[in-house]
Amino acid sequence: MSIIKKIKNPYSIFHKDNLWKSYAFIEGELAKAQAEVGIIPKKAAINILKNSNLSDKEIKNIEKSNKKTKRLILSIVQELAKKCDEQSAGLIHLGGTTRNVLDAGRNLIIRDAHRLILNGLCYSLRKLSQFSNLYAETPMLGRTMGQNAIPITFGFKVSGWIESLIRLDKKFKDAESSIFTLNFGGAVGAMHGFDGKGEALTKQLSKNLGFKNSLVPNRTSIENSIDYLLSLSFQGIVIGKIANEIYDLMSQSINEVSEKQTKGQIGSSTMPHKVNPFLILDVIKEAALLRGKTSISIEAGIPSHEGDARYDKIIDELLKETVPISLNLFENFNNLLDNLNIKTKQMHKNLVSEKDYIASENLMYKLSKHIGRQKAHDLIHLEIEKTVSKNQSVKENLIKEKTISRYFKPSDIEKIMDPLLYIGESKKISLKLSNLALNYATDIEKRINKKDLGVR
């Protein structure tokens with residue numbers, strides 16, 4: 001069953017209409033499974049199942065009833081009973097509990113939403129695959145500790161982002177096998193109300209819903225929900241890391257990427273010359289919001305005994321808050337990628353205008369073969385230190401240095417110190433990760449289309 005397919009507003013996912021329809025659906029599926037294992041008559045199950053949908057009018061009736069009773073599931077059961085024959089009506093919700101239905105119904109909606117989240121991940125991987133392939137040989141400055149380091153390619157930088165998204169998918173996959181698990185064991189989880197057929201019933205119901213069957217279906221086995229919440233927090237870490245790096249590359253001092261500007265766009269209300277990025281701001285914000293849920297998620301993972309409404313409530317609210325943020329995050333992140341200008345000329349400019357010793361590591365490696373690594377390192381380091389303090393050309397002084405000139409001609413040093421030629425295995429890694437991203441995207445799409453997403 002799919003409650004949602006396409007949505008305009010992610011925050012509407014957990015609207016009461018969706019949730020209540022999902023709860024009613026669970027009641028129908030419970031009756032069907034009970035008939036399949038011999039707990040209730042098949043005729044009754046057929047009648048309940050046929051009537052386990054809710055119209056807009058029935059939802060309004062439930063809302064009125066719930067205001068009085070404060071028992072939502074009972075209000076839903078009573079509304080479904082109105083449509084059934086007398087015998088069938090008396091068998092709705094047999095052996096089940098409110099928490100059983102709430103968790104199962106909620107997780108059906110989460111599974112629908114999660115398919116959309118995975119679609120977003122697929123799009124990201126395919127887009128970054130294009131970048132990694134297209135810019136596999138585009139040289140740029142690599143940066144470590146906030147400082148210019150040695151040359152890489154933009155494709156190599158993107159390949160690091162791809163690897164992070166692959167790690168995210170592994171987190172998602174583990175979380176899927178955890179959260180899409182049925183905990184349906186009655187009041188305390190020991191299957192009291194199922195005529196000794198509890199194990200057969202939960203296996204059948206799990207199969208019908210496309211969920212895994214839990215080993216011990218008590219109400220405090222909520223680590224599965226925590227696993228999922230933490231996977232969304234990890235999404236905030238991964239996307240946040242990429243977004244912040246892009247934000248740095250947008251800075252005026254670097255200016256290697258930018259957002260595409262729309263006609264008439266104004267960046268600053270007071271500075272006419274200034275055009276601010278805006279797409280990336282929502283990405284950074286939403287990534288931070290997801291990361292911020294981590295500590296609360298962990299706190300919610302310590303309920304007591306066989307049922308603890310305090311923590312049930314926290315889990316419910318966390319899921320209703322984080323899943324929409326996760327969807328929004330991928331939508332905004334992919335919009336950013338679609339509207340990203342890659343400034344290859346500026347990357348080249350930054351690289352060649354950098355100090356003429358940016359590829360000194362290469363000279364050290366070459367010289368090490370003649371005098372040893374440490375001696376080569378110390379010699380070049382001291383020469384750089386000496387010449388920089390005098391504002392002289394490092395490259396020219398290295399060419400003149402006696403030990404170095406003994407082994408290398410000036411033309412050799414020019415080539416060795418050329419930053420455009422010193423990119424290591426950036427191209428090879430870029431192309432490898434570009435292909436890997438496509439493979440993962442294809443596998444994810446196959447997983448999305450599985451009815452029993454998360455069941456291995």
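The values are calculated or read from the model by the stated rules, or taken from the named source; none is laboratory data. These figures come from a predicted structure and were not determined experimentally. For neighbour counting, all protein chains shown are included, and Cβ atoms are generated from backbone atoms with ideal geometry for every residue, glycine included.
Some values worked out for this structure:
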item: Cβ-Cβ under 9 Å pairs, at least 6 apart or on other chains, segment 373-386 side closer than 17 Å to Lys400 by Cα, far side among the charged types (D, E, K, R); result: Ala376/Lys366; Ala376/Lys369; Leu379/Glu401; Ile380/Glu361; Ile380/Glu401; Glu383/Glu401; Ile384/Lys355
item: Qualifying residue in segment 207-219 (condition: at pLDDT 85 or above and on the phi > 0 side of the Ramachandran plot); result: yes
item: Hits in segment 247-256 (condition: surrounded by fewer than 23 Cβ atoms within 10 Å (Cβ to Cβ) and in contact (Cβ under 8 Å) with a residue 24 or more places away in the chain); result: Tyr247, Met250, Ile254, Asn255
item: Residue check for Gly196: at positive phi and either surrounded by fewer than 20 Cβ atoms within 10 Å (Cβ to Cβ) or part of a helix (DSSP H, G or I) (or both); result: yes
item: Options Lys32, Lys57; residue that is surrounded by fewer than 22 Cβ atoms within 10 Å (Cβ to Cβ) and under 36 Å from the mean Cα position of the chain (by Cα); result: Lys32
item: From the options Ile46, Ile26, residue that is in a helix (DSSP H, G or I), among the β-branched types (Val, Ile, Thr) and without any contact (Cβ under 8 Å) to a residue 24 or more places away in the chain; result: Ile46
item: Unique residue being of a type outside the set (A, V, I, L, M, F, W, C), farther than 30 Å from Ala35 by Cα and touching a residue at least 40 places away in the same chain (Cβ under 8 Å) when the list is Gly186, Gly120, Gly193; result: Gly120
item: Filter result (of a type in the set (A, V, I, L, M) and surrounded by 15 or more Cβ atoms within 10 Å (Cβ to Cβ)) within segment 403-427; result: Ile404, Ile413, Ile416, Met417, Ile423
item: Close pairs from segment 351-364: first closer than 23 Å to Asn255 by Cβ, partner surrounded by fewer than 19 Cβ atoms within 10 Å (Cβ to Cβ) and of a type in the set (Asp, Glu), Cβ under 9 Å, at least 6 apart; result: Asp356/Glu396; Ala359/Asp418
item: Single residue of Lys369, Lys390 found to be loosely packed, with under 13 Cβ neighbours inside 10 Å, in contact with a Phe, Trp or Tyr (Cβ under 9 Å, 6 or more places away or on another chain) and free of Cβ contacts under 8 Å to residues at least 40 places away in the same chain; result: Lys369
item: Those residues of segment 117-144 which are among the hydrophobic types (A, V, I, L, M, F, W, C), touching a Lys or Arg at 6+ places or on another chain (Cβ under 8 Å) and either surrounded by fewer than 22 Cβ atoms within 10 Å (Cβ to Cβ) or at pLDDT below 95 (or both), in sequence order; result: Leu118
item: Residue that is under 29 Å from Glu361 (Cβ atoms), of a type in the set (Phe, Trp, Tyr) and buried (at least 23 other Cβ atoms within 10 Å of the Cβ), where the choices are Phe154, Phe211; result: Phe154
item: Considering residues of segment 317-350 that are more than 30 Å from Asn18 (Cβ to Cβ) and without any contact (Cβ under 8 Å) to a residue 12 or more places away in the chain only, the residue surrounded by the most Cβ atoms within 10 Å (Cβ to Cβ); result: Lys349
item: Tally, over segment 70-85, of residues that are over 20 Å from Ile46 (Cα atoms) and surrounded by 13 or more Cβ atoms within 10 Å (Cβ to Cβ); result: 5
item: Test result for Lys171, touching a residue at least 12 places away in the same chain (Cβ under 8 Å), under 30 Å from Gly38 (Cβ atoms) and surrounded by 18 or more Cβ atoms within 10 Å (Cβ to Cβ); result: no
item: Residue identified as of a type in the set (Val, Ile, Thr) and either farther than 20 Å from Asn244 by Cβ or touching a Pro at 6+ places or on another chain (Cβ under 8 Å) (or both) among Ile152, Ile162; result: Ile152
item: Listing of helices (runs of 4 or more DSSP H) fully contained in segment 279-366 that carry 3 or more residues being modelled with pLDDT of 90 or more; result: 279-292, 309-338, 344-352
